[in-house]
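Contents: one structure, followed by commentary.
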Amino acid sequence: YPEDNVKGYLAYDEKGKIGRQAYQPAFEVIFEYNENDGDLAVHVKGKLAQTRMLTEFCKTVLGFKELPNTETEVFDLHCLKDPEYHFKKDASMPVDSITLKMVILELPGGANRKVTLEAGPYKGDHRQVEAMIAQTMKAHGVKPEETYVRKAKIEIKFKTINLNKIGQITFIVGDPQYSTLADDEKSEMAKKYLKIWGMVRKHKPKGKKDAS
């Protein structure tokens, strides 16, 4: 029952003067979200109200920047659960190292069961967090397909190109569209790498329920 839906009408006050009076009508809004298959239904009277409520739910609850469609790009970090996964390097954007520095891993068995795993390189080993992911799954007795990578922090150290010292960048990306990347040169290169790594895909709605 929204509280910010204020309307007005003309009426006489106690002194007999006519004026506009405000009131807040209550109307029912029902959000029906199935997390397992991605279906979302909004039950509210009026097509415009339905669209507005659907948009706000997607932005506020699910983390989208706007109402998603089949062309919406989202981050998909499931590859990081694979112990054999390695970051690919592109010759056009040479790097010294790529390091996974942090992940937020969701575990099955209840709401908000999350584990934050964070580490830096140790004695030349840049795969500390990958090892911790595998150890965490083993310790909790869960399979990779039962877990979900919600966010990841990645560091890229670029090589100097034609005396152009690019430097390094550390950024965080998360499901579905969270990103600390900007529009500078290093961020744009990082965005290209995310696509090379298969961490960006088109949003694929699994179904759509009719709202009423």
Of the cross-linked pairs Lys65/Lys101; Lys101/Lys192; Lys65/Lys159; Lys88/Lys186, which ones have a Cα-Cα span greater than 23 Å in the structure shown? Lys65/Lys101; Lys65/Lys159
Where GluC sites (Glu not before Pro) fall in DSSP loop in segment 40-77, at most 14 other Cβ within 10 Å: Glu66, Glu71
Give me the one-decimal nm value for the distance between modelled label points at Asp184 and Ile30, 7 Å along each residue's Cα-to-Cβ direction. 5.1
Exposure rank, largest accessible area first [His86, His126; 1.4 Å]: His86, His126
Looking at this model, which pairs from Lys123/Lys143; Lys45/Lys114; Lys114/Lys165; Lys15/Lys45 are more than 31 angstrom apart at the alpha-carbon? Lys45/Lys114; Lys114/Lys165; Lys15/Lys45
If each of Glu106 and Arg52 carries a label point 7 Å out from its Cα toward its Cβ, how far apart are those two points in nm? 2.9
Relative contact order of the chain (C-alpha contacts under 8 Å, at least 6 apart) in percent is 24
Solvent-accessible area of Met102 with every protein chain in place, 1.4 Å probe, in Å² to the nearest 10: 20
Rank these by accessible area, largest first, 1.4 Å probe: Thr51, Thr136. Thr51, Thr136
Could you order Tyr178, Tyr122, Tyr193, Tyr12 so the one with the most accessible surface comes first? Probe is 1.4 Å. Tyr12, Tyr122, Tyr178, Tyr193
Mean residue ellipticity at 222 nm from the helices of the chain, using -39,500 (n - 2.57) per DSSP H segment of n ≥ 4 over the full residue count, to the nearest 500 deg cm²/dmol? -6000 deg cm²/dmol
From the Cα centre of segment 106-181 to that of segment 52-81, the distance in Å is 20
How far, in degrees from 0 to 90, does helix 185-196 lean away from the longest principal axis of the Cα atoms of the chain, to the nearest 10? 90
Heavy-atom accessible area per residue - the chain, 1.4 Å, Å²: 66
Roughly speaking, to the nearest percent, how much of segment 66-147's 1.4 Å accessible area is carbon and sulfur? 49
Rounded to the nearest 10 Å², what accessible area does Tyr148 show when all protein chains are kept and the probe is 1.4 Å? 90
Go through [x] 20.8; [y] 19.7; [z] 17.8 and flag the label whose value is the computed Kirkwood radius over Cα pairs in Å for this structure. [x]
Kindly report, to the nearest 10 Å², the accessible surface of Leu48 as traced by a 1.4 Å probe over protein heavy atoms only. 130
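The values are calculated or read from the model by the stated rules, or taken from the named source; none is laboratory data. Keep in mind the model is a prediction, meaning the values are calculated, not measured. FYI the Cβ positions are ideal-geometry reconstructions off the backbone, even for glycines, and counts take in every protein chain you see. Quick note on the areas: whole protein, heavy atoms, side chains included, nothing else; ligands and nucleic acids left out. Shrake-Rupley method; radii C 1.70, N 1.55, O 1.52, S 1.80 Å.
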